[in-house]
Structures are given as C-alpha cells and as structure tokens.
Amino acid sequence: MLYNIINNIRLICIKSISKANSGHPGMPLGICDVFTIFFLNFYKINFNNLKSINKDKLIISNGHGIITNYVLLYLYNVYKIKDLINFRRFNSNTPGHPEIGNFIDASTGPLGQGIGIGIGIGLKSKKYKNKFNNFFNIFNNKVWIFCGDGCLMEGVSSESCSFCGCYNINNIILLYDSNNISIDGNVKNYFNENIKLKFISLNWNVIGPINGHCYFSIIKSLLKAKKSYFPTIIIYNTIIGFISPCKSYKENSHGNIFTKFEFLEILKNFTLTYDYVKKMFFDNKKKYLIYYKKKYKKYFFELIRIFNNIIPKINFLKLYFKYYKINLNKSTRFVCSNILKNIYAINETFGGSADLTNSNLTKNNFINSIRYKNFKNRYINYGVREFTMGLINYGLSSDKIGINYCSTFLVFSNYMYSAIRNFCLSKLKNIFIFTHDSILVGEDGPSHQPIEQLHSIRIIPRNYIFRPYNYIELILCWILILKFLNNCSSLILSRQNFKNNFIKIYNIKNIITGTYSCFYKKKIELIIVSNGSDLEICFECYFFLKKYFIIQIISLFCNKLFDKQKKIYKNKILNCKKIIFVESSNDDFWYKYKKYFTYVLNIKKFGYSSNELELKKKTNLNKKFLIKLCLFVIKL
C-alpha cells in the first residue's frame, strides 16, 4: 500500500512538472520515500486549524523540490487538482519555489537559506517552551528541514548549524537528501566533506548515512531523531531521478522535464491515479488548555495575548522628555540605545547583534543574553554571522508575532543582502539597525566605510530606510516602524557625535511624511536637502549664509514615505528651482527629485584611512566647500 502511494506521488510530480513545461523532477523522485513517510506519520499538523500553537513546522531549503509537498497537500484534499495543473503559473497557489502562506512556513529558493530560517523558527519555539511549559507540556513541536547537497555547500548552512549546535536548539531535525548529484555533475569533484564528522564537531546528533529508499530504515531514523537531546541531522543516501530508466543517477534529471517517451518508460511499471489518502490530523486538545487555564491563569492569558499579537503601548511623549537632555549632540546610535531600553519593556522584543553589541549599543543592563540550553532571556549573541543573523530573524518573524530586530555595521549589510531581500518579498516585518553609517567612521579605512550600501538596500521593495538626524526624528521613526505590518525597516545610525539641536520648532504632521522643512521661509533662493548626521554641515552653512540669502534646509530621512505623499505636498516641500542634495554615500536616487538646477554632493569613490576632519576635507563634505557650492548655485 505505502509502496503504491509513494510511487503514485512520484508520477503526479512528473505529470505536474511536464504540464508546467518547467521544473526540477530529479529531487522529488529521489526524496519521495522519505518525504511521504515523514508527512504521513510524523508531521504534526492540522490543516483544518492552521492557528494551532503547537504545530510542527516544515521548511524545504532545497525549494526546487516543492512539488512533492504540493502533491501531498492535494492528496490530503487541502489543494485541488486545479492547483497542480497551475503549477508554476501566474497567481497560482503552487509557485515554482516555496512562498510563505497558509500551508507554507517560509519562502525558500536560494540554497542553504532554509536551514537558517528553520533554526530561527526553532529558537522561537524554544523561547515559548521555556516560558509556558510550567509542569505542563504545551510546546513540544519540531522543526523539520529538508536540504540537499547544494544547501550544505553554501557557507550560510555551516554558519547556521554552528549557531544551532552552540545553543543546542534541539527541536531541529535536518533531513539531508544526499544524492551526490548537482547541475554540474557528481558533487564529489567539488564537495567531498565528511558531513558526519562535521556535524558531530558542531554538537549535532548524526543519524546515518542510511538508505533513503528503505522504508524500515526511514521510519527507524525518524523515531530516533524525535527523541534526541541535540539538534539532529539524518543523512539519507538517495538516487536522483529514482524509478526513471532514462534519468536515474544523471545530472540532467535535476532541471530537465521528462519527454513523453521517458514518462511512458516509467508508466510501463507503474499506474497513475489521483485518489485521496487519509491522514490523522493533530490538534491541541481543548481539555489540556482548559486545565492549563485553571492551573496557570496568568500564563494562559499571556499566551493568548502573545498569539493575538497584542503589543503594549509605549508612551513615547514621556520617553522624549525623559532622555531629551542626555541625547543632545550625541550620536544617533546612542540615542537609539536609550529608546531600546523602553522597547525592551515589551516582552516580545527579541534580537541581538553580530558580535558588535558594544558598537551597535543594542543591549542594556535590563536584559541578558540567551545561553546554551537557556532560552529565558531575550538578547541574542549571533557571533560573527551576519547572513545567519538575518535568516534566524526571518524565522523569528515568520509567525508575525512580536518585535524582532538585528544589528551590525552598515558596511556589513552586504553579507545580509539576500536575507533582507527574502524578508521583503515574504512581506515580513523586521527591524535592521545599521550603525557606523558613513565614511566618517574614520581610521578603520575604506573596508569599513560604507559608500554604496545605502543605495543597495534603498532599492529593495518594501524596505523602508530611516536615517534620522536627532532624537525626535528617531522617536517618530520607531512609532512608524512599530505600526508596519508587512514591511521591513532599516535604521541607519551614526557612530560619531554631532550637533543635533539646530531645529527649535517641529511640525509632527510633516515629520511623519518622511520629509519636512526645518524652517519657515518664503521666496526661497536655495534648498539644501540632506539627512542623518550629514545635516550638521548643512546647518552650519545655513547659519553662515542666512544673513545674505533665503535658504531652506530639508530633512529627507525616509525617501519611501516621501514618495508616497501627494504631489501637492512634494511640490510644497521642494518649492525652489535650485536644490543641493548632500549625503555621504554613492546614491544617485536624489536625481529623481530634479528641478531647474540640481547638484548632488556625495561620494563617488572609496574612502581613506584617516580621521574625521581629514576625511571631511578630502571628500568635500565640510562647511567651507558647501558654502562655496551654495554661492555658486545661487548666482547661476
């Protein structure tokens, strides 16, 4: 019976891929035995109650084999035959790679990333378990991650597994489809690691290698993995393109569809049917929760609040007056650290830094870091693992509960780029705190001085970039960030202290648009637009020239918010034909606001190892040069 079900799933996979005229049949044919036995007997989920708090999570890191999951969802009457017919079609429920939704726990595709995402999900589950399993096992779910040779070749998988073993996140089970074939042929020519010894050294429990087509061995290994006290990897030796007389063991089965002849060769031995199969659905038993409510009333209502994402409000007005004097003329990373102290009053705040805690200033005396087997705290020391940090935060944010953030230097956002992109296309909320925002980080030299990074993260859709100038801007940034539901936010903060007390009167309604005029002027001769710490030299220039010319200073700290404003407001803000844009980056997006004459003062080349004053002279980001530039533009 099981033999027939598994081979029927294989045939439906081939048929769906052939119908789409594109896809990856090799992996689904090879891993189908493992996937079906897992899905049928070990996957703890109820498709009729997707909000079940203790359901298992399934991540397919080698997402090109997602069709196996779709077929099983069809056989359990979750998907319809129409969904399989529309595989890889526009606006279908069955895209070519996993996309997060009701039945898919994470968007994957780029190999290796699903491992980090799954570990993030497992970390959050351990957090819930630590908090709510008081003498009663409310949370005991597992995170099942499928991966292949390509996933383990990617460096981020080693980062993620190192993190997982270090903290012993033991609800992770990694199912490794070791078929030794990739697009370029036999992987032993370019990937010959001893996976077993590698994972033992990373503090993982290793099962196998075992035959990935032997049902008894598969069931035995899955049972053993569920009882492990460590994160577990099961190594399954499989045959790519299994049951195909023409394409078994061959690299062309990875991404080439089967021809009619090749499909008919398989049908000589097997029969294709579309019958449903039955699955025993898991659910949280109501009597358990009723008992939990009576015995642990406080924790029960806290559980309900968290899973309904009801976040306590913060009195930002009170916060503003509390830290106003302390934050005068300080770096924005220091200002942000004082706000974070109060954000951490919300229990669902969870985040950390990639070995730069004392530089990013993201931790305070009121919180402690999680430790090996100890998940009661809320700060994460990610180590020097920026890419993994982004993926783990994806896992933390995948349930759309709580406030999750991570932090590093802006120049190291390059390491995280793919993770940030995945966040945004998945419509998940996360806060990226990037400090050391400009070339003025100084003596560390060009390797640590961000030039093109602002441009590269600005162009990602749904990623809102905030580069605040002072305390009130930063507070309003946090208010807006906490209100976002489906967008990422990146806070760009300075390392160096600078004068931030030039503005005396604020119009809050204008500030929340992402752009506002710093002074009230009529018949303006010149506008200077800037943001963040770069506004300091703009104000110095303004106070020098204001006796002779009518100049307006504009803080444009979030371009995506400004772009969403009505045309009337945009014209009102940029109501002058002569505009100078100032920013210590190599971003040419300013030219889209071009008027009669626009000059962009930015940095077109890499920096130098030098102190702040010398760098300002060398890059022309100083008061003297800006005054000359203003005089030149005004006289045009």
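Within the stretch 216-242, being of a type in the set (Phe, Trp, Tyr) and either open to solvent by less than 20 Å² (accessible area, probe 1.4 Å) or over 15 Å from Gly30 (Cβ atoms) (or both) holds for Phe216, Tyr229, Phe230, Tyr236. Restricting the search to helices (runs of 4 or more DSSP H) fully inside the stretch 327-412 and requiring at least 3 residues that are out of contact with any Pro (no Cβ under 7 Å at 6 or more places or on another chain) and farther than 24 Å from Ile475 by Cβ gives 386-397.
Being farther than 24 Å from Ser157 by Cα, open to solvent by less than 20 Å² (accessible area, probe 1.4 Å), aliphatic (A, V, I, L, M) and assigned by the TED database to the domain that holds Lys427 is a property that Ile346 has.
Of the residues making up the stretch 301-351, those that are among the small types (Gly, Ala, Ser) and either in contact with a Phe, Trp or Tyr (Cβ under 8 Å, 6 or more places away or on another chain) or over 27 Å from Lys124 (Cβ atoms) (or both) are Ser331, Gly351. Residues that are open to solvent by less than 10 Å² (accessible area, probe 1.4 Å) and of a type in the set (A, V, I, L, M) number at least 2 in the following helices (runs of 4 or more DSSP H) confined to the stretch 62-150: 67-75, 113-132. Taking the numbered list (1) at pLDDT 90 or above; (2) among the basic types (Lys, Arg); (3) under 28 Å from Ile472 (Cβ atoms) in turn, Lys616 passes all entries but (1).
Taking the criterion of being of a type in the set (A, V, I, L, M) and surrounded by 20 or more Cβ atoms within 10 Å (Cβ to Cβ), the residues of the stretch 599-611 that qualify are Leu601, Ile603.
Quick grid of which residues meet (1) within 32 Å of the chain's Cα centre (by Cα); (2) open to solvent by 10 Å² or more (accessible area, probe 1.4 Å):
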residue	(1), (2)
Phe562	yes, no
Phe581	yes, no
Tyr591	yes, yes
Phe597	no, yes
Leu613	no, yes
Leu631	no, yes
Lys635	no, yes
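If you check Arg458 against the conditions, is it of a type in the set (Lys, Arg), touching a residue at least 60 places away in the same chain (Cβ under 8 Å) and surrounded by fewer than 23 Cβ atoms within 10 Å (Cβ to Cβ)? For Arg458, the condition - of a type in the set (Lys, Arg), touching a residue at least 60 places away in the same chain (Cβ under 8 Å) and surrounded by fewer than 23 Cβ atoms within 10 Å (Cβ to Cβ) - is met. Within the stretch 477-500, the residues that satisfy the criterion of being out of contact with any strand residue (DSSP E or B) (no Cβ under 9 Å at 6 or more places or on another chain) and more than 19 Å from Glu583 (Cα to Cα) are Ile479, Lys483, Leu485, Asn486.
One line per residue, one yes/no per condition, for (1) touching a strand residue (DSSP E or B) at 6+ places or on another chain (Cβ under 6 Å); (2) in the same structural domain as Ile346 (by the TED database); (3) surrounded by 19 or more Cβ atoms within 10 Å (Cβ to Cβ):
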position: Asn368; (1), (2), (3): no, yes, no
position: Lys373; (1), (2), (3): no, yes, no
position: Asn381; (1), (2), (3): yes, yes, no
position: Gly395; (1), (2), (3): no, yes, yes
position: Ser398; (1), (2), (3): no, yes, yes
position: Val411; (1), (2), (3): no, yes, yes
position: Tyr417; (1), (2), (3): no, yes, no
position: Leu428; (1), (2), (3): no, yes, yes
position: Glu452; (1), (2), (3): no, yes, no
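Only residues that are among the hydrophobic types (A, V, I, L, M, F, W, C), surrounded by fewer than 23 Cβ atoms within 10 Å (Cβ to Cβ) and part of a loop (DSSP other than H, G, I, E, B) were counted across the stretch 482-495, and they come to 2. For the stretch 461-470, a residue qualifies if it is closer than 18 Å to Asn531 by Cα and either open to solvent by 10 Å² or more (accessible area, probe 1.4 Å) or in contact with a Ser or Thr (Cβ under 7 Å, 6 or more places away or on another chain) (or both), and the qualifying residues are Asn463, Tyr464, Ile465, Phe466, Pro468, Tyr469. Search the stretch 496-523 for residues that are touching a residue at least 24 places away in the same chain (Cβ under 8 Å) and part of a helix (DSSP H, G or I) and pair each with any residue that is of a type in the set (D, E, K, R) and open to solvent by less than 10 Å² (accessible area, probe 1.4 Å) when their beta-carbon atoms are under 7 Å apart and the residues are at least 6 apart or on different chains. Final answer for the pair search is Ile511/Glu473. The numbered conditions (1) part of a loop (DSSP other than H, G, I, E, B); (2) over 34 Å from the mean Cα position of the chain (by Cα); (3) free of Cβ contacts under 8 Å to residues at least 60 places away in the same chain are all true for Ile527 except (1).
The values are calculated or read from the model by the stated rules, or taken from the named source; none is laboratory data. Because the structure is predicted, anything quoted here is derived from the model rather than measured. Heads up, the Cβs are rebuilt from the backbone with ideal geometry, glycines too, and the neighbour counts pull from every protein chain shown. What goes into the accessible areas is simple: the full protein's heavy atoms, side chains included, and nothing from ligands, DNA or RNA. Shrake-Rupley method; radii C 1.70, N 1.55, O 1.52, S 1.80 Å.
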